[in-house]
């Protein structure tokens, strides 16, 4: 969610236009293991759909990637890069952390955010009350902490569904986006960056997740300046 996405296909005349922005691939080395985290985001826009998510005509592409007007005051940007480096306004911006229910850090983007924010983030997460043993943030809900060593003012932690085991993954993913945006709005956040929630090891299909994410973001288009 940073810079220079790869826009693989933009075709206004085709039946289905697929815009693919591949997030940076990160490989982490430790003494014991090697972790690979690759996140991709797909936006599906079809003239044949009765309810479009976004249309190609609403997009302008440039060096930074794809930019959409969600409303008169809100831009949607599809960007590539390290989410821990993203910031627009250090007083009113936030990144979304795809956390687990314990909220104490993990692999992938979750681990990268915790490392970049420093140990204070884990300490703050530890202070979040458990709703039941070992669970500080149930799937689909969201919590907020300071950003600490990150450039953004806040981190919004949300837990996306595991696609193959969640009873209703669509509802859970919708709730992850909606509750993240609700918490951001309540805390006067105007700029917010999302990773592709649940599209890594949790196995959510990219195209389905994009439709859910963008549709939910559009509900809050008048509340933010940039997503």
(Q) Take the conditions assigned to a loop (DSSP other than H, G, I, E, B) and in contact with a strand residue (DSSP E or B) (Cβ under 8 Å, 6 or more places away or on another chain) and apply them to residue 91. Does it pass? (A) no
**Q.** Matching residues, segment 94-126, being in a loop (DSSP other than H, G, I, E, B), buried (at least 18 other Cβ atoms within 10 Å of the Cβ) and free of Cβ contacts under 8 Å to residues at least 24 places away in the same chain
**A.** 105
Q) Taking residue 62, is it surrounded by fewer than 16 Cβ atoms within 10 Å (Cβ to Cβ), modelled with pLDDT under 50 and out of contact with any strand residue (DSSP E or B) (no Cβ under 7 Å at 6 or more places or on another chain)? A) yes
Q. What number of residues in segment 173-197 are closer than 19 Å to residue 100 by Cα and either part of a strand (DSSP E or B) or touching a helix residue (DSSP H, G or I) at 6+ places or on another chain (Cβ under 6 Å) (or both)?
A. 7
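Per-residue answers, yes or no, for (1) under 26 Å from residue 91 (Cα atoms); (2) free of Cβ contacts under 8 Å to residues at least 40 places away in the same chain; (3) surrounded by 17 or more Cβ atoms within 10 Å (Cβ to Cβ):
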position	(1), (2), (3)
157	yes, no, yes
166	no, yes, yes
175	yes, yes, yes
181	yes, no, yes
186	yes, yes, no
193	yes, no, yes
210	no, no, yes
225	yes, no, no
**Q.** Close pairs from segment 127-138: first on the phi > 0 side of the Ramachandran plot and touching a residue at least 12 places away in the same chain (Cβ under 8 Å), partner assigned to a loop (DSSP other than H, G, I, E, B) and surrounded by 12 or more Cβ atoms within 10 Å (Cβ to Cβ), Cβ under 9 Å, at least 6 apart
**A.** 134/101; 134/102
Q: Would you be able to tell me the number of residues in segment 188-206 that are over 25 Å from residue 147 (Cβ atoms) and over 14 Å from the mean Cα position of the chain (by Cα)?
A: 2
Q.
Whether any residue in segment 104-114 is under 19 Å from residue 221 (Cβ atoms) and modelled with pLDDT of 95 or more is what I want to check.
A. no
Q: Give the residues of segment 133-168 that are under 19 Å from residue 210 (Cα atoms) and not in a strand (DSSP E or B), sorted by residue number.
A: 139, 140, 141, 159, 160, 161, 162, 163, 164, 166, 168
Q: Output the residue which, of all residues in segment 212-223 that are touching a helix residue (DSSP H, G or I) at 6+ places or on another chain (Cβ under 7 Å) and not in a helix (DSSP H, G or I), is surrounded by the fewest Cβ atoms within 10 Å (Cβ to Cβ).
A: 223
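The values are calculated or read from the model by the stated rules, or taken from the named source; none is laboratory data. All figures in this text were calculated on a predicted structure; none of them were measured in a lab. Note that we place each Cβ from the backbone using ideal geometry, even for glycine, and neighbour counts take in every protein chain shown.
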